[in-house]
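Working notes for the structure below.
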Amino acid sequence: MMSNPVIDQFINKCPCFTLPEAGELSGEVVVIDPVAVGPNGGGVREADDGALTVGAFLYHLIMAAGGVPVMTRAEERGCCLEEEVGSIRLSRWVERCQASVVVSIDCGGACVNPMGMGSASGALAARFSAALGLGCGEAIGSLAATGVLVRIGLSAGGVSGHSGRLACWEQAERLYSVLRDFLNGDSAAAPHAGCWSTSVPRFPNRTEEQEVEAASRRVWPVGALPVEQAEWFCRMLCASISDRTNVYLSPKVRYDGGKVVIEGATNVAILKGFLAESLRTVGVKDVVNDMRVLPEEGALNGDSFGVCSCSMALTYGEPDESSSMCSQLLYGEPVMLLDRDGSFYLIHGSDGYCGWVRCEAVEVVSRMEYLSIVNSKSGIMLDDVEMTECRLLAGTRLAVSQSRKGIVRVAMPDGDIELSEEAVGVLNHDARVVEIVERATQFLYRPYIFGAVSPIGLDCSGLVKNVMSQVGLQVARDASQQMLAGRLVASRWCRDGILAGDLLYFINGVGKVYHVAIAISSTYFIHSAPPGVRINSLAIGDRLYSAYRDRTFLMAKRM
């Protein structure tokens, strides 16, 4: 897709959201209470949306700082304009966790009168007022026994347009700054919460080491794993990854005296050390990791791409026709080559399946030829067509070089052929791409809310689900499920095929597909991640480059 001035403007102006350093609010529990108002017209609704947006952004700032944020609501709750109803709801949340501070956010600009305001509450209210320059911070003295509680009346407005949402982010940053300075600068002002209820819902946020620990202990819950159980343990871990069709992870475990040696191969670089680290986590200390990363450490002699050269070819789980069958390739299907063992190639097919196929069923092509096939307009065979050299089966997908009234010209290895338009269904992806990108950018700077799919806030797969629904495509709910649909166009080691509108998938160090994004160019993508929907880049050196997304990128698929 050609450069889009509107998209370029978003890329140039998109902020680099900066989150606090971990430990700035270590252990502090902060209850965030966006004041609930009813759906009583545009002004009231927008004020409520503004309170939710500021609250959600503040949530992520507190969490990144090592605090324990608690949101009393992240959805519409109907009419709660009455002070009594709101106080009851907040009181119930306060009972569930001890809090250092409770901040009640009202973007309608209304404030309650102070009632028996304690000194700590009054001090914090004054600091909020000074930081916001609105003179509207007040303390709610009736709940002061649980900690420091204030209501903040922010400027009316809310989430109208990108500038409105960025204003909410800036307000949340100011609120966080006041909270941080208050809690760190005056430890006597707010009682530190020694514990918090495990029933309080939180966004799951674990380090890579914690992910490995959790995955390992799901298989072997307690104690040290006997060394002789290492092969079984690795087999169970492999079964736990998100998907064994798109991800190739085939370990071979052998014992060398008291050592455990892990051989085999994977096409996901970040998984190379997964099994060895997991074994060490459960007490197997002498582990040698000799797993290969494909295709870099494969046996291909520079051959990286191919197309199926026969009408149909089976793929197998091992380089042996007596092993289990995986899938099937059809004529002209482009494949990525990962490895070779004797007379078999390990391929990554356009449906995402990895499997072994006979070498004579694949014709090796160059990178440019592969990309030309992947990114060309496609046609699907609607009927079987008998050719001199092969049979084109219904469902075969071929690149379309030209189409005119009554005739479709499709590319074959030995030259183009002309077929009747009744025999070929031509797919037009370009028109949908423009709409996908435009609708995705409408969500820019919306807050990230785990498990949500609405414009008020959404998670990564919620963004994709919402956007795709708007263009008439129904997709599954979670990223790992969404990955199963579509046609493979790029992988970790070959990203040249990415076009705007493609879905990008990311995998963590324990084999979980944890994130999805929408490409808006060959390098830029839009996605929802704490604190909100933003644009990032896979290009090293770019202002919006994300090293973490670059390292964990798995593949791109086209719907």
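Some notes on this structure:
- Summed over the residues of the chain and divided among them, the accessible surface reaches 42 Å² per residue at a probe radius of 1.4 Å.
- Computed over protein heavy atoms with a 1.4 Å probe, the carbon and sulfur contribution to the accessible area of the chain reaches 51%.
- Between ASP8 and ASP320, the contour length at 0.36 nm per residue exceeds the Cα-Cα span by 107.3 nm.
- Taking the chain and dividing mean pair separation by its residue count, relative contact order in percent (alpha carbons under 8 Å, at least six apart): 10
- Alpha-carbon Debye profile of the stretch 361-442, log10 I(q)/I(0) at 0.24 Å⁻¹: -1.21
- Stretch gain in nm, segment CYS310-LYS252, where the contour uses 0.36 nm per residue and the Cα spacing is subtracted: 17.7 nm
- Degrees separating the helix 83-96 axis from the principal Cα axis of the chain, which is the longest one: 70
- Using a cutoff of 8 angstrom between alpha carbon atoms and counting only pairs six or more residues apart, the relative contact order for the stretch 445-559 works out to 28 percent.
- For GLY264, distant residues with modelled amide H under 5 Å away: LYS252, ARG292
- The stretch between GLU75 and GLU21 holds 16.6 nm of extra length on full extension. This uses 0.36 nm per residue minus the Cα-Cα distance.
- Principal axes of the stretch 289-353: Cα extent on each, largest first, Å: 38, 26, 21
- Note on the stretch 503-533 and the stretch 437-482: Cα centroid distance 12 Å, given to the nearest whole angstrom.
- Relative to its Kirkwood radius, the Cα radius of gyration of the stretch 316-453 gives an Rg/Rh of 1.07.
- Contact order normalised by residue count of the stretch 257-338, Cα under 8 Å, 6+ apart, percent: 27
- Distance between the stretch 209-278 and the stretch 339-374 - C-alpha centres, whole angstrom: 27
- Values of log10 I(q)/I(0), in the order q = 0.13, 0.15 Å⁻¹, for the stretch 511-558 under a Debye, Cα-only, solvent-free model: -0.27, -0.36
- Judged by the ratio a/c of the largest to the smallest principal axis of the C-alpha gyration tensor, the stretch 200-267 counts as oblate, that ratio being 1.5 or greater while a/b is no larger than b/c.
- Dimensions of the stretch 408-464 based on its C-alpha atoms, expressed as ranges along the principal axes with the largest first, amount to 52, 20, 18 Å.
- Using the Stokes-Einstein relation with a Kirkwood hydrodynamic radius computed over Cα pairs, the translational diffusion coefficient of the stretch 429-547 at 37 °C and a viscosity of 0.692 mPa s comes to 230 µm²/s.
- 222 nm mean residue ellipticity, helices alone, for the chain (DSSP H n ≥ 4; -39,500 (n - 2.57); rounded to 500): -8500 deg cm²/dmol
- For ARG340, nonlocal amide neighbours, meaning residues 5 or more places apart or on other chains whose placed amide H falls under 5 Å from its own, are ALA299, LEU346.
- Option label - mean projected area of the Cα convex hull in nm² computed here, alternatives (1) 26.4; (2) 49.4; (3) 30.0: (3)
- For the stretch 221-318, the equivalent ellipsoid built from the Cα gyration tensor has semi-axes of 30, 15, 11 Å, listed from largest to smallest.
- Most to least accessible of TRP93, TRP356 (protein chains only, probe 1.4 Å): TRP93, TRP356
- Approximate spin-label separation HIS429-GLN470, in nm, with each point projected 7 Å along Cα-to-Cβ: 2.1
- Too-long pairs where the Cα-Cα distance tops 21 Å, listed order kept, from LYS405/LYS557; LYS252/LYS272; LYS259/LYS512; LYS13/LYS557: LYS405/LYS557; LYS259/LYS512; LYS13/LYS557
The values are calculated or read from the model by the stated rules, or taken from the named source; none is laboratory data. No experiment lies behind these values; they were computed from the predicted model shown. As a convention, Cβ positions derive from the backbone with ideal geometry for all residues, glycine included, and neighbour counts pool all protein chains shown. Keep in mind that these areas ignore ligands, DNA and RNA; they rest on the heavy atoms of the full protein, side chains included. Shrake-Rupley method; radii C 1.70, N 1.55, O 1.52, S 1.80 Å.
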